[in-house]
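Novice: My questions all concern the structure below.
The values are calculated or read from the model by the stated rules, or taken from the named source; none is laboratory data. Quantities reported herein were computed from a predicted structural model and do not represent experimental measurements. Every residue, glycine among them, receives a Cβ derived from its backbone with ideal geometry; neighbour counts consider all protein chains shown. Surface areas here come from the heavy atoms of the whole protein model, side chains and all, with no ligands, DNA or RNA. Shrake-Rupley method; radii C 1.70, N 1.55, O 1.52, S 1.80 Å.
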Amino acid sequence: MANPQSGATQRFRAAYAEHRRREGRDTGNQTHQLPYVPHGPLQKLWAVRARSFETAMHRVVEPFEQRANRPLQVVDLGAGNGWFTYRMTKRGHSAVAIDFRSDNIDGLGVTTARRQDNMGFKKVVADFAQLALASDFADISVFNASFHYATSLSKLLAETVRVTRAGGRILIIDTPFYNSREAGEQMVAEKKQNAVAIFGDLARDLTAISFLEFLTHTELIDASVPLGIHWVRHRVRYPIWYELRPLLARLKRRRSPSRFDVWEGIVT
């Protein structure tokens, strides 16, 4: 993430909150339900995210809980409104939500305003690449739809390893992975080309910062070798309409779409 105090970052933060509001993501009354949204315009999107969440729980968090046999320390990096943090506290763990947005659309301000959704977890407004946390702080460090908002892969991984205990886990959930860098770069080019159509008057501020935007498994693994992170991919079984996207892309001769599988990093 860029410097949270920079002018570009402050403008991005304000524009992003407004964009999310326009999308209908004002989640103040739904935080305790997420990722389960039974109806509404975002129901299909959250149906996909719910599958990611369930895979992360069943394949990573639950086995870790069984091995540890104690409450865990969880850090939710790029937490948004803190719904994942909320879920972890409901399971009896100690959790910290970190995000550089504190708005009450779907930022950390949501749980501040609605105490019944807070469950006592700590909220920190900060850049998740420069964490004000002690070394070896977390058992599990989670990036829930947020890893691709980093500006440096190597710096983010190094900082995450620093705060994650040996034997702990780094979880990447709902970040787009492409089979090739070319496909990812094509996605970014399309996004920039269509920015005004997508974002309207917010386009300039929302495209001013060069985020990672996507990952490839090769780049993630190569950057992790010097840090001692071993990665395991857990394939998410999505709704059939979502799984058919690659086939439809081939039929229409379009670029390959991304996948949003769960990636489990084992810190050695």
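Novice: Using only protein heavy atoms and a 1.4 Å probe, report how much of Arg259 is accessible, in Å² to the nearest 10.
Specialist: For Arg259, the solvent-accessible surface is approximately 50 Å².
Novice: Now a separate question. Where the centre of each part is set by its Cα atoms, how far does the stretch 70-97 sit from the stretch 224-268, in angstrom?
Specialist: 24 Å
Novice: Oh, and also: Restricting to the chain, what percent of DSSP beta bridges are antiparallel, rounded to 5? Don't skip to the end; give the middle numbers.
Specialist: Working: 11 of 32 bridges.
The answer is about 35 percent antiparallel.
Novice: Would you mind checking Lys44/Lys155; Lys155/Lys191; Lys90/Lys123; Lys44/Lys90; Lys123/Lys191 for any pair whose Cα atoms are more than 27 angstrom apart? Don't jump to the answer; show the numbers that get you there.
Specialist: Numbers: Lys44/Lys155 34 Å; Lys155/Lys191 25 Å; Lys90/Lys123 16 Å; Lys44/Lys90 25 Å; Lys123/Lys191 31 Å.
Long pairs (Cα-Cα over 27 Å): Lys44/Lys155; Lys123/Lys191.
Novice: Would you please report the Å³ per residue occupied by the convex hull of the alpha carbon atoms in the stretch 145-216?
Specialist: Looking at the stretch 145-216, the number lands at 101 Å³ per residue.
Novice: What is the stretch 32-111's relative contact order, in percent, from Cα pairs under 8 angstrom and six or more apart in sequence?
Specialist: Working: 91 pairs, mean separation 18.2, N = 80.
Taking the mean separation of contacting Cα pairs over the length of the stretch 32-111, I get 23 percent.
Novice: Now for a different question. Modelling each spin label as a point 7 Å along the Cα-to-Cβ direction, I'd like the Ala158/Glu219 distance in nm, to one decimal.
Specialist: 1.8 nm
Novice: Keeping every protein chain present and rolling a 1.4 Å probe, give me the accessible area per residue for the chain in Å².
Specialist: Per residue, the chain has an accessible area of 48 Å².
Novice: Can you pull the Kirkwood radius for the stretch 80-238, inverse mean 1/r over Cα pairs, to one decimal in Å?
Specialist: 17.2 Å
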